[in-house]
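First up is the structure itself, then whatever we jot down about it.
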Amino acid sequence: LISRKWRVEPTRIDLGDGVVVGEGSFSIMAGPCSIESEAQIEQVVAHLKENNVKIMRGGVFKPRSSPYAFRGMGMDGLKMFHRICRENDIKIITEVMQVSQIEEMIDYVDVFQVGARNSQNFNLLDSLGEAQKPVLLKRGISGTLEELLQAAEYIFSHGNEKIMLCERGIRSYEGAYRNVLDLNAVPVLKEKTHLPVIVDPSHGIGLRDYVESMSLAAVMAGADGVIYETHQVPEKAFSDGQQTLNFWESERVIERMRKAYDLR
Ligand code: PEP
Ligand code: MN
């Protein structure tokens, strides 16, 4: 069902209020790795508004490698995130980690993110298929494109067609950066499926200094959007600060990506 052979026209996902993700527009989604406080949300929202970015990311349930690391603000954080974004006409994307969270989260999110670690959590995918909310589905840490497409098929086959695929880097032997952002995936996925393809350069390379280059490369590779991490003081971020842009860097990459998209 997610194949271009079955449907030729690109899928466009309407998030309301004129915010549409998919071919024909370039979507920018930005925000901190983790939601940390009311003041933080307000500062990020102000930055996004100044740059006409309509979708904010931010995790409240965080999958962390260490159980002792910050694991997110949970529902209290999500409710605060939702209130501030609604007041400012910004859409919310945040990660859902398990089936039982869908129901409590659903009224507070615009897009559910499925993280790399949950990319093949088939019960979660089945339930998101029934939930009828847009989903951004990340590629698994060592996932093939075929596995990503099959994961999307789980959601789609339950009746939820509002799926964005996300390339976020795959694990390799290379130690110079966190992951290998597989931009090959973009044109290949665009040919195989009608679903929008989004690139996450932050997790893809994992180092702040290179996020801009890879964002621009993603635009030219044909991505329908990017999702990246930004924070008012990345050095103090509760998670992923090393790959998070400050607002000055974020503003610059937004401007350059829009110029690059116009050249495409
Ligand atoms: C994130 O978006 O902060 C995240 C945990 O991403 P991933 O699942 O791609 O590692
Ligand atoms: Mn992160």
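Taken together, the values in this text are just the output of simple stated rules run on the coordinates, not laboratory data. Quantities reported herein were computed from a predicted structural model and do not represent experimental measurements. Cβ sites come from the backbone with ideal geometry, for glycine too, and all protein chains shown count toward neighbours.
Among 158, 203, 231, the largest mean-square fluctuation in a Gaussian network model of the chain, built with springs joining Cα atoms closer than 10 Å, belongs to 158.
Alpha carbon centre of region 39-115 versus region 205-248: separation in Å? Cα centres, region 39-115 to region 205-248: 17 Å. Which one of 114, 226, 99 has the biggest mean-square fluctuation once the chain is modelled by GNM with Cα springs under 10 Å? Per the Cα network of the chain with a 10 Å cutoff, 99 tops the list.
Straight-distance candidates among the lysines for linking to residue 79, with alpha-carbon spacing under 27 Å and chain neighbours fewer than 8 residues away dropped: 49, 54, 62, 91, 133, 138, 162, 236. With θ taken as phi - 60° and the Karplus curve 6.51 cos²θ - 1.76 cosθ + 1.60 applied, the whole-hertz 3J(HN,Hα) list for region 53-70 is 9, 9, 10, 10, 9, x, x, 10, 10, 10, x, 10, 5, 9, x, 8, 6, 4 Hz, x standing for glycine and proline.
In whole angstrom, how long is each semi-axis of the equivalent ellipsoid of the chain, when you take the square root of 5 times every eigenvalue of its Cα gyration tensor and sort them from largest down? Provide the component values of the computation, followed by the final result.
Working: eigenvalues 115, 92, 72 Å².
The equivalent ellipsoid of the chain has semi-axes of 24, 21, 19 Å.
Remark on residue 36: its backbone amide H falls under 5 Å from those of 41, a criterion applied only to residues 5 or more positions apart or on other chains, H modelled at 1.01 Å from N. Here the dipole of the chain is about 380 debye; that uses its Cα centre as origin and unit charges on the Cβ of Lys and Arg (positive) and Asp and Glu (negative).
Residues 198, 205 in ascending order of nearby Cβ atoms (within 10 Å, fewest first): 205, 198.
Sequentially through region 194-208, phi angles give Karplus couplings (6.51, -1.76, 1.60; θ = phi - 60°) of 8, 6, x, 10, 10, 10, 10, x, 5, 6, x, 10, x, 9, 3 Hz, Gly and Pro residues having no value and appearing as x. Taking 86, 168, 208 in turn, the Gaussian network model of the chain (Cα-Cα springs below 10 Å) assigns the largest fluctuation to 86.
For region 71-220, report the convex hull volume of the alpha-carbon atoms normalised per residue, in Å³, without decimals.
Hull volume normalised by residue count: 128 Å³.
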